[in-house]
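The values are calculated or read from the model by the stated rules, or taken from the named source; none is laboratory data. Please read these numbers as outputs of a predicted model, since none were measured by experiment. Glycine also receives a Cβ, built like all others from the backbone with ideal geometry; neighbour counts cover every protein chain displayed. Accessible surface is based on the protein model in full, side chains and every heavy atom, while ligands, DNA and RNA are left aside. Shrake-Rupley method; radii C 1.70, N 1.55, O 1.52, S 1.80 Å.
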Amino acid sequence: MAAVSSASDTGDPRGRHPPERRLLILGGPQSGKTCTANTILGDEVFDTGTETTHSNVGQTEIYGRRVTVVDTPAWAIPSDPENDTEAENNDNAGAESDNPPQAPPSLDSEGPCMGAILCPPGPHAILLVVSVTQPFTDTQRRAAEEQLGALGGGTWRYSMVLFTGVDKLPKGVFIEEHIANTGEALQWLVERCGSRYHPFDNTRKETEDNTQVPELMEKVEEMITDNQGWYFEVNELILLEEEQARRALEEERMRMEEHARQREQMIGGPPRELRLLLLGWKGVGKSSVGNSILGRRFFESGQETELCLRRQALVSGRRVTIVDTPGWDWFSVRRTPKRIRQESQRGAALLRPGPHTLLLVLPVVSSLTARKRRTLLAHIETLFGDSACLHTMILFSCGDWLGRTPIEEHILRGGRELQRLLEYCGNYYHVLDSKTPGKDRSVSVLLDKIEEMIRENGDKAFLPIQTEWFETHIYEHITTHTPVSEESSYSSDNTEPEDDCRGCQLQ
């Protein structure tokens with residue numbers, strides 16, 4: 001943050017033009033932000049009938065001074081873990097929650113930085129709009145703190161709380177009493193803003209005795225004087241991050257539109273089938289990954305997989321079939337028993353006419369050496385042929401270990417060997433948290449990536465199995481081993497196994 005002063009803010013030395021004042025309005029859902037902006041501007045400049053998804057600018061003159069007002073999208077209310085748990089329990093009990101869930105923010109919504117950009121070179125005052133008709137909890141406090149934090153450091157010295165809906169206060173109750181009675185969260189916000197606040201009644205904007213806007217501007221002038229005429233300016237690095245985030249949101253919006261269009265074309269037909277083969281060395285969490293994708297614990301995790309097992313379920317509108325396979329040796333192909341290698345090939349045969357994707361499971365907590373990389377590729381090419389790379393995707397397991405670290409940053413830290421492995425797979429990768437089957441929202445994103453890979457492969461949508469191998473080795477296996485289980489998700493009677501943590505212990 002850079003707080004600067006300029007001649008344009010101190011006014012023309014001859015006094016011909018009074019200085020401009022720039023106000024940035026922030027607030028949560030249904031706080032009355034847009035109505036407040038219109039009241040300050042003295043006209044219905046902004047549309048109050050729809051959700052604000054983009055920052056808008058309005059200008060007016062107050063006592064001969066030009067005032068610029070920027071209305072911004074409502075800030076997102078962070079989820080409360082306690083409320084989430086209570087809501088989930090209520091859902092399971094068939095009861096309705098007293099607190100309706102917050103709608104997720106729109107992909108088109110902007111952060112506060114864009115609003116600050118629209119009143120160059122920066123706002124003199126940041127007005128935090130809070131409605132007295134809504135409870136101000138610690139969740140709302142954190143939302144306000146995160147919103148100002150997105151602008152950078154030093155924002156609180158330019159901030160003021162603007163209370164709306166004061167006409168709804170009980171008769172004889174002043175705003176000071178409301179602040180004292182509402183709780184610590186609101187008191188913290190007011191104190192953080194230097195005890196600067198102002199009550200606002202948007203129903204009085206048409207009355208002749210409406211002095212609330214001039215009084216507000218007087219308080220803004222006092223704050224500017226306290227700040228020695230400085231205004232808030234967003235750091236250029238934050239602006240760059242904001243622009244990158246906007247581009248990412250636009251790309252995500254376009255991807256979702258394309259996905260919706262493809263889904264519309266499939267209405268009335270059977271669900272799309274996706275055939276997936278889980279591969280990797282021992283203990284990487286293949287079974288847990290399979291459970292996460294299918295949304296239920298179909299595979300026995302926590303113990304070594306000896307035979308291929310096929311399971312099927314409907315996931316995000318697709319019929320997903322997964323085959324779990326025994327793990328390979330990480331040191332060399334020769335140290336992987338022949339029986340295990342044949343099981344891997346048999347797993348592909350169980351997905352006739354062939355698997356769409358070979359999911360190569362790799363724990364995020366595991367370091368990848370040159371030998372491990374060469375051994376993985378040797379297994380894939382030896383068992384499935386040279387064209388297997390077109391159908392292989394790296395699936396990082398134990399994703400909860402990353403915390404807030406982006407997977408891209410983990411890949412950069414992983415070194416050249418990990419990057420070479422990804423290049424072999426056409427840079428197709430995904431990360432899953434395999435500890436919460438059925439609750440990882442990124443499963444749908446994974447299936448989208450798999451369908452993207454299928455489209456990229458064109459007429460080679462799946463890896464065809466070797467018919468000659470199938471006819472000889474499968475028959476030999478059936479006559480000498482325990483028959484393969486091919487029950488679908490609808491006939492499974494698996495017990496609840498323990499979580500597979502062995503993959504998270506690999507270093």
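General remarks:
- Summarising the amide proton neighbourhood of Arg66: residues at separation of 5 or more, or on other chains, whose placed amide H is nearer than 5 Å comprise Arg21.
- Among 112-124, 60-72, sorting by the average number of other beta carbon atoms lying within 10 angstrom of each residue, highest first, gives 112-124, 60-72.
- Using a Förster distance of 45 Å, the FRET efficiency for Glu417-Gln134 (Cβ separation, nearest 0.05): 0.25
- Accessible surface for Glu300 stands near 70 Å², nearest 10, in the context of the full protein assembly shown (1.4 Å probe).
- For the range 148-191, the per residue solvent-accessible surface stands at 47 Å², with DNA, RNA and ligands left out and a 1.4 Å probe.
- The range 303-329 and the range 210-235: distance between their alpha carbon centers, rounded to Å: 63
- In sequence order, calculated HN-Hα J values of the range 158-163 (Karplus, 6.51, -1.76, 1.60; Hz; x Gly/Pro): 10, 9, 8, 7, 10, 8
- For the range 27-72 versus the range 121-185, the inter-centroid distance based on Cα atoms is 17 Å.
- Hz values of 3J(HN,Hα) by residue in the range 344-352 - Karplus curve (6.51, -1.76, 1.60), Gly and Pro given as x: 4, 5, 5, x, 5, 5, 6, 10, 4
- Annotation for Val57 and Ser387: the two label points, set 7 Å from Cα along the Cα-Cβ direction, are 5.7 nm apart.
- Counting heavy atoms of the protein chains alone, Trp401 has an accessible area of about 140 Å² for a 1.4 Å probe.
- Distance in nm between pseudo-label sites at Glu252 and Asp43 (7 Å out along the Cβ direction from Cα): 3.7
- Solvent accessible area, Å² - Met160, 1.4 Å probe, full protein context: 0
- The string of couplings for the range 306-317 from the Karplus curve (6.51, -1.76, 1.60, θ = phi - 60°) is 9, 10, 5, 9, 10, 9, 9, 7, 8, 10, 6, x Hz, one whole number per residue in order, with x for Gly and Pro.
- Share of Cα-Cα pairs in the range 274-328 lying beyond 16 Å, as whole percent: 33
- Those residues of the range 142-177 whose amide nitrogen sits under 13 Å from the label point placed on Trp188, 7 Å along Cα→Cβ: 142-146
- Of the residues Trp330, Leu383, Ile340, the one whose Cα sits farthest towards the positive end of the charge dipole of the range 306-395 is Ile340 (charges of +1 on Lys and Arg Cβ, -1 on Asp and Glu Cβ, taken about the Cα centre).
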